[in-house]
Amino acid sequence: MKTLSFHPDDSVHAFITTIPEVTYGDGPLSGVTVAVKDNISTKGIETTCASKILKGYIPPYDAHVVTLLKNAGAAIVGKTNMDEFGMGTTTENSAYGPTLNPLDHQRVPGGSSGGSAAAVAAGLVDCAIGSDTGGSIRCPAAFCGIVGLKPTYGRVSRFGLIAYANSLEQIGPMARDVNTLSNLYSVITGHDSRDATSVDKPYSHTPVSDIKGLKIGVPDEFFGEGVNPKVAEVVRQAIDSLESMGATAVPCTIPSMKYALSAYYVTCTSEASSNLARFDGVRYGPAVGTLKSWHDAYSDQRKAGFGKEVRRRIILGTFSLAAGYYGRYYQKAQTARQMVRDDFERIFRDVDVIAGPTMPDIAFKLGEKSDPLQMYLSDILTVPANLAGVPALSVPCGKVNNMPIGLQLIGRYFEDERIIDTAYAYEQGGA
Amino acid sequence: MEDLETIIGLEIHCQLNTKSKMFCSCSTDFRDNEPNTHTCPVCLGLPGSMPMVNKRAIEFALKVGKALNCTIRDESEFSRKNYFYPDLNKAYQITQYDKPLAEWGKLLIDGDNGEKEVRITRIHLEEDPGRSVHMGTTDRGKYTLVDYNRAGIPLIEIVTEPDLRSPKEARKFLNKLRATLEYLNVFDSEKEGSLRVDANISLKGSERVEVKNISSYKGVEKALTFEVTRQRNLLRRGQTVTRETRHFVEARGVTTSSRSKEEENDYRYFPEPDLLPLRVASWVDAIELPELPDARRERFISQYGVSPEHAKTLTGGLKLAEFYEAVASEDPALAATWTADYLLGELNYRDFSIDAMPADLFRELLTLIKSDTITDKSAVEILRLILDAVKDGKKPERPQEIVSRLGLAKTSGDQVTALIQEVIAEQQAAVNDYYAGKMQALNFLVGQVMKKCRGRADPGHLNTLLKEILDKKV
Amino acid sequence: MVTAEDVRKIAKLADVGIDDSEINEFTNQCSGILEYFAVLDTLDQNQPLIRERYNILRDDEVLPSLSQEEALQNAGQTEKGYFKAPRVM
Ligand SMILES: [Zn+2]
């Protein structure tokens, strides 16, 4: 085993925990510094999900991806800041304070994997691991000007990822360039017998920049109402440049987009309301009081331990599942979800990838979005890929007001390779 | 009012005897262990852990489904039942809700009015919660201690239609169900808490009451009998039965109203997102069921010539049936009588299961009875000595050794004749009384002979022989 | 439209605790968001999500468990090898 020292100048507050002396072994990632989002279990290292309710929690086991990283020789140097339990688009909802955007400290890095993105963008680490439930890797990648991939659902084991919304989320790689991302990705994929949703589709690909004949679908909905026209313009130029490399762009539509955001929020809050019920202070986290009877004691514990956004989403999810609401919300959301999948399946009969902006706008100013619904609306372009389970990535494609813009590429199931190639082609040719 | 029909339906939770838990690889063999020594991230509900379904639990549940003539759903799935309770590791229980594994079955029982079919509504799989120990006395001093060793033990829940008409019938149903599960080798009825029952009970035309928390077979009949009386008394007094959940307090044999707000719970079921659906209906064809209680009973009658009553008793539990077959070889009728009429009584008296009686010792005892070496009375005495030794944790003596040590061998015919002659010579007065027609004198003389041989003569045989000798002398 | 009473009831079901000072804010926000979600109710079919994969099972094998010490290491309060929790009676 070898060691390295890690003492980053973390002026953007990317980390919750850093490891000053890191040991690492041999392997394809030997000595590569990797930051891991703080919702991924690391044996012996505090894992908090940026929540007070998990303060002091030290997992007795490693998440599957962490085991794979260690086996590949990676140096895991710290745990990154995030929106509490992944619930946010800015990394402002952290019990440990917000992470700042390395490119403009007045702005957010995006979220919820904001700490991972900032650590990479600020050059503190070679690459990072994030998780993406409704855009949580792609949004901060776009806002910080790096590359981030949400893999096809099932391609990376979720064992050890502290669940926010199980049916939507995936762990994924983040890096400053496509090659590094690809190397990191090839280490973390593969089947895990402890995750029933894990699929045996390892990734072992070297990016190629030849995209001649590639057909790109460009959905109207990704350039419509709510999308900053300057952002739309930059992304259209990026698509033009892909065409100049031999690809063909064709317009398409995703009519189910009208239901996507609601379907997403109903599903994720429902699952979250159940996933987060276990945080009661009995088995882990700060001790629950035992003077009151259990419901009252738990309510006190959870009111004190969860931030407002988390409690708001738990309440929304509880509404969605409650008797009298289930049929109207949760069940209908599953219908809408199937419609989104059907739309993608139809579009992918004619095109190889779908392209559009990752986010409707550039990184927000800190504190700019205070209304929860307005915040939710900014996820509109990233949630469809999670609802369908298809792979999606964000690659930097230009700037507006000196802030980076992300080009989002969405692929067919298990064709992560193709969107990685497309991003690589753009990176090589467009840069 | 007395004849208002009683309507009972049961929900039976039964632990499956798999090696590992329902959703993780922890051992299910936790009963003699320290608290929280059979746990892992999954069954502790640690953040980030994920469930993985135990295939054998599915196979066991399918076996039960087939034995109870159920239809296996083409697609079934697991759901989360959300509620807070300290012993519930994840604050939800993974169970099955609107898509259970098996539906619409039946079980034939020996009902109050003859043979009867009880319909099975559904069978589903779920995980057991942990175990709570309630501590403290003053209100503010009370707290709960939790052990998660039991958390995640696989359970099947079997739900019946409201087809049972009396507490006794409910008990008979349970006995039959237990025997069936034992025969399938999916369940160990002797493990504490391995079978728990909730019962719905109403009197025709009145509201239904759910009695929860009945954890013994005997408790079911007791709890239901208490409820029938309670509900009848309410109606007799002109009051009505309230629809409610009541708890059975085993120690006092009563049910009490549970006023907790638990009843208002909205469990917010939804499909477990970490697990995929089951499509196992086709597996059923490959499952070969073992001989079940009814078939075994018929076989006992035809193969061993056992009486229907004995056959029913002897097939009422798997181990008992196996025990009988292990001892039946030499004289099946004798073995049936001694097992069903004598041994079971002695076992029940000591609260023992059939395991307490070593089959080879019992077989030896039967040989001694059959060869006329000992009297029935001595045989019972030997039986008791063996069981008492087991009770004291000692190695029991072999029947032959007991016979030798206590001199229990039956006195031979010649010896008895000699003793009779002795007694006739000694008890002339009694002999004369006999000739004078006083029948009590005969009993006295029998007693005297018995005394001389220390009870080792067969009483019936002695009686006949004595009479014969006396009558010849006239 | 949801009322403050609805939100209180739901918060109770979820054991998250709501202060009187928060109830209006939560009610307004939830109302607005649930109203936005109502677009789903315009869908008339209840078509379940199709799941292609099924029967993902594990063999019935025993693997080592955590030690009691490991199991209890993150608990706030323990007693005699048990987790200590609030009363339920
Ligand atoms: Zn376990």
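The values are calculated or read from the model by the stated rules, or taken from the named source; none is laboratory data. What you are looking at is a predicted structure, and each value in this text was computed from that prediction instead of being measured. Positions of Cβ are backbone-derived with ideal geometry, glycine not excepted, and every protein chain shown enters the neighbour counts. Accessible surface areas use protein heavy atoms only, side chains included; no ligands, DNA or RNA. Shrake-Rupley method; radii C 1.70, N 1.55, O 1.52, S 1.80 Å.
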inquiry  = Tell me the residue from A:Val231, A:Val218 that is hydrophobic (A, V, I, L, M, F, W, C), in a strand (DSSP E or B) and in contact with a Pro (Cβ under 9 Å, 6 or more places away or on another chain), please.
reply    = A:Val218
ask   = Could you list, in sequence order, the residues of the range C:44-69 that are open to solvent by 70 Å² or more (accessible area, probe 1.4 Å), within 7 Å of another protein chain (Cβ to nearest Cβ) and of a type in the set (D, E, K, R)?
value = C:Arg53, C:Asp59, C:Glu61
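Every residue, every condition in (1) part of a loop (DSSP other than H, G, I, E, B); (2) without any contact (Cβ under 8 Å) to a residue 24 or more places away in the chain; (3) more than 13 Å from the chain's Cα centre (by Cα), yes or no:
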position: A:Ala35; (1), (2), (3): no, no, yes
position: A:Thr47; (1), (2), (3): yes, no, yes
position: A:Ile53; (1), (2), (3): no, no, yes
position: A:Tyr57; (1), (2), (3): yes, no, yes
position: A:Val77; (1), (2), (3): no, no, yes
position: A:Ser94; (1), (2), (3): yes, no, yes
position: A:Ser112; (1), (2), (3): yes, no, no
remark   = Those residues of the range B:176-188 which are surrounded by 18 or more Cβ atoms within 10 Å (Cβ to Cβ) and not hydrophobic (A, V, I, L, M, F, W, C) amount to B:Lys176, B:Arg178, B:Thr180, B:Glu182, B:Tyr183
Count of residues meeting criterion [more than 7 Å from every other protein chain (Cβ to nearest Cβ) and either over 20 Å from the mean Cα position of the chain (by Cα) or within 17 Å of A:Arg313 (Cβ to Cβ) (or both)] in the range C:13-22 = 4
remark   = Taking the range B:262-320 and keeping only residues that are more than 30 Å from B:Tyr217 (Cβ to Cβ), of a type in the set (Asp, Glu) and either touching a residue at least 24 places away in the same chain (Cβ under 8 Å) or part of a helix (DSSP H, G or I) (or both), one is left with B:Glu264, B:Glu272, B:Asp274, B:Asp285
inquiry  = Being within 15 Å of the ligand (Cβ to nearest atom), farther than 30 Å from B:Leu235 by Cα and either part of a loop (DSSP other than H, G, I, E, B) or not assigned by TED's automatic domain parsing to the domain that holds B:Thr313 (or both) narrows it down to one residue among B:Asn69, B:Asn89; which is it?
reply    = B:Asn89
key: Which numbered condition B:Ala281 fails, given (1) loosely packed, with under 13 Cβ neighbours inside 10 Å; (2) assigned by TED's automatic domain parsing to the domain that holds B:Tyr92   = (1)
ask   = Looking at this structure, is A:Ser198 within 11 Å of chain B (Cβ to nearest Cβ), modelled with pLDDT of 95 or more and open to solvent by 50 Å² or more (accessible area, probe 1.4 Å)?
value = no
inquiry  = Looking only at residues that are within 8 Å of chain C (Cβ to nearest Cβ) and of a type in the set (Val, Ile, Thr) in the range B:31-48, which one is nearest to the ligand (Cβ to nearest atom)?
reply    = B:Thr39
ask   = So which residues in the range B:73-92 are under 30 Å from the mean Cα position of the chain (by Cα) and buried (at least 23 other Cβ atoms within 10 Å of the Cβ)?
value = B:Leu88
ask   = Which helices (runs of 4 or more DSSP H) sit wholly inside the range A:276-384 and have at least 3 residues that are more than 7 Å from chain C (Cβ to nearest Cβ), open to solvent by 20 Å² or more (accessible area, probe 1.4 Å) and more than 29 Å from A:Arg138 (Cα to Cα)?
value = A:294-305
request  = Note down all Cβ pairs under 6 Å where the first residue falls in the range B:391-410 and is without any contact (Cβ under 8 Å) to a residue 60 or more places away in the chain, the second is among the small types (Gly, Ala, Ser) and open to solvent by less than 80 Å² (accessible area, probe 1.4 Å), and they're at least six residues apart or on different chains.
outcome  = B:Pro396/B:Ala389; B:Val403/B:Ala409; B:Leu408/B:Ser378
query = Would you say B:Pro51 is within 16 Å of the ligand (Cβ to nearest atom), free of Cβ contacts under 8 Å to residues at least 40 places away in the same chain and either touching a Cys at 6+ places or on another chain (Cβ under 8 Å) or away from chain A (no Cβ under 14 Å) (or both)?
reply = no
ask   = If A:Leu387 passes every condition in (1) over 18 Å from the mean Cα position of the chain (by Cα); (2) assigned to a helix (DSSP H, G or I); (3) not charged (D, E, K, R) but one, which one does it miss?
value = (1)
task = Look through the range C:23-51, keep the residues that are charged (D, E, K, R) and assigned to a loop (DSSP other than H, G, I, E, B), and return whichever of them is farthest from the chain's Cα centre (by Cα).
result = C:Asp44
message = Against the condition more than 16 Å from the ligand (Cβ to nearest atom) and open to solvent by less than 10 Å² (accessible area, probe 1.4 Å), how does B:Leu155 come out, does it pass?
response = no
remark   = Selection over the range A:160-189 where residues are open to solvent by less than 10 Å² (accessible area, probe 1.4 Å) and in a loop (DSSP other than H, G, I, E, B) yields a count of 7
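Table: residues versus (1) within 16 Å of the ligand (Cβ to nearest atom); (2) in a loop (DSSP other than H, G, I, E, B); (3) not charged (D, E, K, R).
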{"site": "B:Cys14", "(1), (2), (3)": "no, no, yes"}
{"site": "B:Asn17", "(1), (2), (3)": "no, yes, yes"}
{"site": "B:Asp29", "(1), (2), (3)": "yes, yes, no"}
{"site": "B:Ile58", "(1), (2), (3)": "no, no, yes"}
{"site": "B:Leu62", "(1), (2), (3)": "no, no, yes"}
query = How about the range B:140-159: which of its residues are under 18 Å from B:Gly45 (Cα atoms) and in a loop (DSSP other than H, G, I, E, B)?
reply = B:Tyr148, B:Asn149, B:Arg150, B:Ala151, B:Gly152, B:Ile153
inquiry  = Cβ contacts < 7 Å: first residue of a type in the set (Lys, Arg), restricted to the range B:163-174; second residue assigned to a loop (DSSP other than H, G, I, E, B), any location; separation 6+ or different chain. Result?
reply    = B:Arg165/B:Glu5; B:Arg165/B:Asp112; B:Lys168/B:Asp112
remark   = Subset of the range B:120-136, residues away from every other protein chain (no Cβ under 11 Å) and polar (S, T, N, Q), comes to B:Thr121
inquiry  = Here is a check on your reading of the model: is C:Leu72 more than 7 Å from chain A (Cβ to nearest Cβ) and surrounded by 19 or more Cβ atoms within 10 Å (Cβ to Cβ)?
reply    = yes
request  = Answer with yes or no whether B:Gly9 is away from the ligand (no atom under 16 Å from the Cβ), touching a strand residue (DSSP E or B) at 6+ places or on another chain (Cβ under 6 Å) and among the small types (Gly, Ala, Ser).
outcome  = yes
note = Per the list (1) buried (at least 17 other Cβ atoms within 10 Å of the Cβ); (2) at the interface with chain A (Cβ under 8 Å from one of its Cβ atoms); (3) charged (D, E, K, R), residue check on C:Asp41 breaks on (1)
remark   = Listed by first then second residue, the pairs whose first member lies in the range B:9-38 and is over 12 Å from C:Ser65 (Cα atoms) and of a type in the set (A, V, I, L, M), whose partner is in a loop (DSSP other than H, G, I, E, B) and away from the ligand (no atom under 13 Å from the Cβ), with beta carbons under 7 Å and at least 6 positions apart or on separate chains, are B:Leu16/B:Val186; B:Leu16/B:Phe187
